[in-house]
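Read through the structure below, which is laid out as C-alpha cells, and then see the notes.
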Amino acid sequence: MDITEENLKILSNYLRQTLDPNPDVRRPSEKFLESVEANKNYPLLLLNLINQQSDDLTIKVAGAVTFKNYVKRNWPLTDDGVDKIHPEDREQIKELIVNIMLVSPPAVQKQLSDAINIIGKSDFPRKWPNLLSNMISKFQTGDFHVINGVLHTAHSIFKRYRYEFKSQELWEEIKFVLDEFTKPFTELFTATVGLITTHAANPQALKVIYSSLLLILKVFYSLNFQDLPEFFEDNIKLWMDLKHQLLIADVKGLESDSESEPGIIEELKAQIIANVQLYAQKYDEEFRPYLPGFVTDIWNLLVTTGLQTKYDAMVSGALQYLSTVAQRDHYKYLFENPEVLSGICENVIIPNIHFREMDEELFEDNPEEYIRRDIEGSDIETRRRAACDLVKILAIHFDEQVSKIFSQYVQRMLEEYRASEDKWRQKDTALYIVTCLAERGSTNKHGVTKTCSMVNLADFANMSIFPELAKDANTSPVIKADCIKYIIKFRSVLPPEMLQQSLPALIQHCSAKATVVHTYAALALEKLMIVRCNDVLIINKTILTPLAPNLLKGLFGIFDFPGSEENEYVMKAIMRSFSILDDAVLPFLGGMLPVLTQKLIAASKNPKKPHFNHYLFETLVLCIKIVCARNPGNVSSFEEALFPVFQVILQQDVQEFVPYVMQLLSMMLEFHPDISGPYLGLYPCLLSPGIWERTGNIKGLCRLIRSYIKKANEAQFKDQIKLPAILGIFQKLISMKSNDHEGFTLVQTMMIYCPHELLEPYIKQIFLLLFQRLTSSKTTKYIKCLLVFFCFFILRYGATEFIELVDSIQPMMFGMILEKLFIPDTQKIDGVMERKIAATGLSKLLCEGKQLKDGQYANQWQVVLNILANLVELPVDDSTHPEDHYVDVDSIGGYEGYHSELVYVGQAQENPIKGLVNASWCTQLAGRLSGNQLDQLKLHFLV
C-alpha cells in the first residue's frame with residue numbers, strides 16, 4: 001500500500017463513509033478498513049492524511065480516531081508473539097507521530113496524544129528512548145499550542161505512575177524520566193508563571209498560560225507520587241513559593257461563568273491543593289516548613305469561596321488537606337486555640353455540610369445518584385464527605401471541645417426546625433453533624449460499630465428520629481430519608497428492642513412517593529434483618545410473621561412507583577424477607593409469583609440492573625425451595641410458570657441470564673425423581689459446543705449436566721445422556737486452567753452414577769486426556785485435582801485396577817507418577833473432603849494394591865506409607881508451581897457474561913465416597929503408623 005495521492009483520496013472517501021448514518025454505507029467501509037489494517041504503510045497513510053494541509057477537519061478527526069483504535073488493537077504483541085504491524089511501520093510511526101500531533105488541531109491532537117500514550121506503555125523508554133528528548137526540545141519553541149500538546153502527552157504517559165505497583169522496572173523508568181525531564185520542566189514552570197504578569201491584561205493569553213500551568217501541575221503530581229525525587233526536594237522552595245502565588249491569585253477574568261462547571265482557575269487551585277496534600281501526606285518532613293503557610297492559604301480560600309457546585313472539587317480537596325494536617329499530633333497547635341476550633345466549625349464545616357439547592361435537585365431529579373453518594377460511599381470527593389471527615393479527625397484530638405461547640409449549633413438548629421418545619425435544612429445539617437460526631441468506626445456489613453461516648457444515640461433517636469418517622473411518610477422527604485439513614489448507620493449499636501419497634505414505621509415509609517425515602521425504607525428493612533445480637537438475629541420469623549402482610553404489600557408496592565420498577569434495594573429486601581419468613585410466606589406467593597415472573601420477563605428484554613437481576617433470581621430460588629420443601633411435586637407449578645421465560649432467555653441467548661437459568665434448572669431437576677419430558681427436550685441443547693464457548697455459562701452448565709447424570713436411569717444413559725458428548729465436554733474443561741476443576745467434578749459424578757459397563761470403554765481415554773494436559777500445562781490446582789481423582793478412582797474401582805490401568809498406558813508409569821506427583825505434591829491437597837478422599841484412597845492403595853504388596857512395586861510400599869503419614873499429620877503445603885504465575889488467557893476474548901453464584905441454590909449435598917471406605921484398612925496400617933498418625937487417619941475415615 002504505497003503512500004500516494006490516489007491512495008490518500010481513497011482512504012479519505014472510506015473514512016467519510018464510516019461517518020454515514022446509513023449502516024448500508026457505513027459498515028462496508030468499516031469492514032474494508034479492517035481488512036487492510038495488516039497492509040504495510042497503512043498506519044503511515046493515516047498519519048499522512050491527518051497531516052495534510054486540508055481544511056476538512058471532520059476527515060482528520062475520523063482518521064485520528066481510526067489511527068488511535070488501530071494502535072490500541074495492534075501495537076501490543078499478541079500472546080503468541082505475532083506482530084501485526086510491520087517493523088518499518090513501527091519505527092516510522094514513532095518518528096512522525098509527535099511532530100504531527102503537535103501541529104494538529106486540538107481535536108486531532110487529543111486522539112494522537114492518546115495513541116502516543118498507548119505506544120508508550122509498550123515501548124517507552126527502552127524501545128523509544130528519544131521520545132522524551134523530542135518532547136523536551138519543544139519547550140523552547142514558545143508556542144503554547146505545541147507546549148500544551150507535549151504536556152498533555154506527558155500527563156497521559158506519566159499518569160500511570162500514580163497507580164502502578166512498585167517494581168524495579170518502574171523505578172528505572174521513573175529515574176530515566178526524572179534525569180532528563182525535571183530540570184527543563186521546572187524551567188518551563190518558572191517561565192510560564194512569569195508570563196502571567198506580562199500578559200495580565202490579555203484574558204485569551206492568560207487562559208492559554210493557565211491551561212499550561214494546570215497540565216504542569218498534573219505532571220508534577222504524577223512524578224512525585226511514588227517517591228520524592230531528589231531534584232524536586234532540592235527545588236522545593238521554588239515550587240512551593242510559586243504554588244502559593246498561584247493559589248492566592250485572584251484572576252477574575254478566568255473564573256467560570258457557570259454555577260456548576262469549574263473553570264480553568266478553579267481546576268488549577270484544586271490541583272495545587274491536591275499537590276500540597278500529597279506532600280503533606282507522604283513527605284511531611286520536607287514539607288513541614290511550608291505546611292502552616294498553606295493552611296492559612298487554604299483557610300482563607302474556604303471562608304471566601306461560595307457554595308456553587310463549580311467549587312466542589314477545590315473545596316473538597318481543601319478540607320481533605322486540613323484533615324491531613326489535623327491528623328498529625330505535631331500540628332495540633334494549629335487547631336487547639338478555642339477560637340480557631342470554633343471558627344473552623346462555624347465558618348468551614350457547617351457551611352459545607354449544609355444541604356444546598358443543588359443537593360435538593362439531585363434528591364428529586366436523580367435519586368439513584370443521590371443514593372450512591374449518600375449511602376454507597378461514592379461521595380468521597382464531595383464537600384459533605386470531606387467536612388464530615390474533618391469533624392471526625394478534630395473530634396479525636398479535641399473531643400470535648402468539638403462536641404461542646406457542635407452541640408450548641410445542633411440544639412439551635414433543631415429548635416429552629418421545631419418552630420417551623422420550613423427550616424428543614426437546619427435539621428438535616430443537625431442530623432449530619434450528630435452522625436459525624438458519633439461515628440468512630442464502621443464496616444459495610446455492620447454499619448457503625450464504634451461510637452463516641454459523648455453522644456447518646458438511643459436518646460437522640462427517641463427525641464429526633466422516631467417522632468419524625470411517626471408522621472406522614474410524604475412530608476419533609478429529605479428529613480425522612482435522613483432519619484431512616486440514621487437507623488441504617490447505627491443499627492449495630494442501637495438497642496435491639498428499638499430496632500424491632502421501628503419496623504412498622506419503616507414499612508409505612510415504603511409507600512412514600514419520594515424515591516430516596518422508599519428506597520431507604522427498603523434498605524433499612526433489609527439491613528435490620530441481618531443484625532445479630534449475641535449471634536442471634538434480632539428479627540426472626542416470630543417477629544416478622546405478624547408484619548408480613550403489610551411488609552410484603554409495601555415492598556411490592558414500591559415497584560409501582562416510576563423509577564423504582566427495578567429497584568435493587570427493594571428486591572434485596574424481598575429476598576431477605578422470604579428467607580426469614582420461610583413457610584410463613586406461602587399464603588402470599590399466589591399473588592407475588594406472577595409479579596416476580598413479570599419482572600423476570602421485563603428484565604430479560606433489557607438486563608440493565610445486575611444487582612436487581614441477581615436478587616430477583618435468588619428470590620425465585622427461595623420461592624421454589626420453600627414450596628417444594630413440603631411437597632417436591634409442586635416444582636411442576638414453577639416449571640409451568642418459568643419454563644416459557646427460560647426458553648426465551650435461552651433462545652435469544654440473554655448472556656447475563658443464562659448462567660442463572662442453568663442454576664435454577666439444575667435445582668428444579670433435583671426435586672424430580674427422574675428426568676421428565678421437558679428436561680429431556682432441553683438436554684441436546686446443553687451439549688452443543690457453542691453454549692460452552694462462553695466462560696460465564698460453564699459452572700452453571702456443569703451443575704446442570706451433573707443433575708441430569710444423577711437422575712438418569714440405565715436406559716437414559718444408553719439413549720439420551722450420550723457419553724461421547726460428555727467426554728468431549730470433559731476434554732474441553734480440563735484443557736482450561738480456569739475450569740479444569742469442573743472437568744474433574746463432572747467425571748467423578750459420572751463414575752458415581754453411570755453404570756460401570758457403559759463408562760468402562762471410555763476410562764482409558766479419560767486417563768490419556770488427563771496425562772496430555774499434565775504434559776502441556778502443569779499447575780498446582782490441576783495436580784491437586786488429579787491426585788484426588790486418582791485416589792477417588794482407587795476407592796471406586798480398586799487399587800490393583802488403578803496400577804494396571806496406568807501401566808497399560810506406559811510400562812512402569814505408576815512408579816513415575818509416584819515420583820513426580822504423589823511424593824512432591826500430595827501435601828498440597830487442601831479441602832476437608834479432598835483430603836478425606838486422598839487419605840482413604842492411599843490407605844486402600846497400601847492395603848489392596850497387589851503390585852505394591854508383593855509385586856513389581858513392593859519397594860515403593862514404604863514410600864506410599866510415608867506419603868500417607870505426612871498427609872494426615874503435617875500441615876498443607878501452600879507452595880505453588882511456576883506455571884501458576886502466568887496469566888490464564890485461554891478464555892479471554894472481549895466481554896462475556898460471567899457466572900454469579902446463587903447463594904440460596906446452594907451446593908447439592910453428597911458424599912462421593914460413601915460406602916467405599918473400609919475401616920479394616922486402619923487396622924492393617926496400625927502397626928506402621930504412630931499413634932497420632934493413626935488417630936488423624938481415623939478422622940478421615942469418618943465419612
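Every residue, every condition in (1) of a type in the set (A, V, I, L, M, F, W, C); (2) crowded, with 16+ Cβ neighbours inside 10 Å, yes or no:
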residue: K764; (1), (2): no, no
residue: F767; (1), (2): yes, yes
residue: L786; (1), (2): yes, yes
residue: I809; (1), (2): yes, no
residue: G815; (1), (2): no, yes
residue: R835; (1), (2): no, yes
residue: Q856; (1), (2): no, no
residue: W861; (1), (2): yes, yes
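Out of all the residues in region 137-157, is one or more without any contact (Cβ under 8 Å) to a residue 12 or more places away in the chain, closer than 26 Å to E187 by Cα and among the β-branched types (V, I, T)?
Yes, region 137-157 has at least one match.
D653 - would you say it is touching a helix residue (DSSP H, G or I) at 6+ places or on another chain (Cβ under 6 Å), in a loop (DSSP other than H, G, I, E, B) and either of a type outside the set (F, W, Y) or surrounded by fewer than 16 Cβ atoms within 10 Å (Cβ to Cβ) (or both)?
Values: touching a helix residue (DSSP H, G or I) at 6+ places or on another chain (Cβ under 6 Å): no; in a loop (DSSP other than H, G, I, E, B): yes; either of a type outside the set (F, W, Y) or surrounded by fewer than 16 Cβ atoms within 10 Å (Cβ to Cβ) (or both): yes.
Spelling it out, it is not the case that D653 is touching a helix residue (DSSP H, G or I) at 6+ places or on another chain (Cβ under 6 Å), in a loop (DSSP other than H, G, I, E, B) and either of a type outside the set (F, W, Y) or surrounded by fewer than 16 Cβ atoms within 10 Å (Cβ to Cβ) (or both).
Is region 138-154 home to any residue that is in a helix (DSSP H, G or I) and exposed (fewer than 13 other Cβ atoms within 10 Å of the Cβ)?
Let us first name the residues in region 138-154 that are in a helix (DSSP H, G or I), namely 138-141, 144-154.
Subset that is exposed (fewer than 13 other Cβ atoms within 10 Å of the Cβ): 140-141.
Yes.
What pairs come up if the first residue lies in region 283-294 and is touching a residue at least 40 places away in the same chain (Cβ under 8 Å), the second is in a loop (DSSP other than H, G, I, E, B) and surrounded by 15 or more Cβ atoms within 10 Å (Cβ to Cβ), and their beta carbons are under 6 Å apart, counting only those six or more places apart or on different chains?
Sorted first by the residue in region 283-294, then by its partner, the pairs are Y283/L228.
Of all residues in region 532-591, how many are exposed (fewer than 15 other Cβ atoms within 10 Å of the Cβ) and within 27 Å of the chain's Cα centre (by Cα)?
Qualifying residue count, region 532-591: 1.
Condition first: under 21 Å from D830 (Cβ atoms), part of a helix (DSSP H, G or I) and of a type in the set (D, E, K, R). Now tell me which residues in region 732-757 satisfy that.
Of everything in region 732-757, those that are under 21 Å from D830 (Cβ atoms), part of a helix (DSSP H, G or I) and of a type in the set (D, E, K, R) turn out to be D740, E742.
For a quick check of your reading: which helices (runs of 4 or more DSSP H) sit entirely within region 199-274 and have at least 1 residues that are more than 17 Å from Y290 (Cβ to Cβ) and of a type in the set (A, V, I, L, M)?
203-225
Within the bounds of region 603-622, is there any residue that is surrounded by fewer than 16 Cβ atoms within 10 Å (Cβ to Cβ) and under 20 Å from M668 (Cα atoms)?
As a first pass, look at region 603-622 and keep what is surrounded by fewer than 16 Cβ atoms within 10 Å (Cβ to Cβ): 605-606, 608, 610-611.
This time we only want the ones that are under 20 Å from M668 (Cα atoms), so: none.
Scanning region 603-622, I find no residue that is surrounded by fewer than 16 Cβ atoms within 10 Å (Cβ to Cβ) and under 20 Å from M668 (Cα atoms), so the answer is no.
If I filter region 92-103 down to residues being over 37 Å from the mean Cα position of the chain (by Cα) and within 16 Å of L45 (Cβ to Cβ), which single residue comes out as surrounded by the most Cβ atoms within 10 Å (Cβ to Cβ)?
Restricting to residues being over 37 Å from the mean Cα position of the chain (by Cα) and within 16 Å of L45 (Cβ to Cβ), the top hit is I100.
Taking S12 as meeting all but one of (1) under 23 Å from V82 (Cβ atoms); (2) in contact (Cβ under 8 Å) with a residue 40 or more places away in the chain; (3) polar (S, T, N, Q), write down the number of the exception.
Among (1) under 23 Å from V82 (Cβ atoms); (2) in contact (Cβ under 8 Å) with a residue 40 or more places away in the chain; (3) polar (S, T, N, Q), S12 violates only (1).
Taken together, the values in this text are just the output of simple stated rules run on the coordinates, not laboratory data. Source: prediction; values computed, not measured. For neighbour counting, all protein chains shown are included, and Cβ atoms are generated from backbone atoms with ideal geometry for every residue, glycine included.
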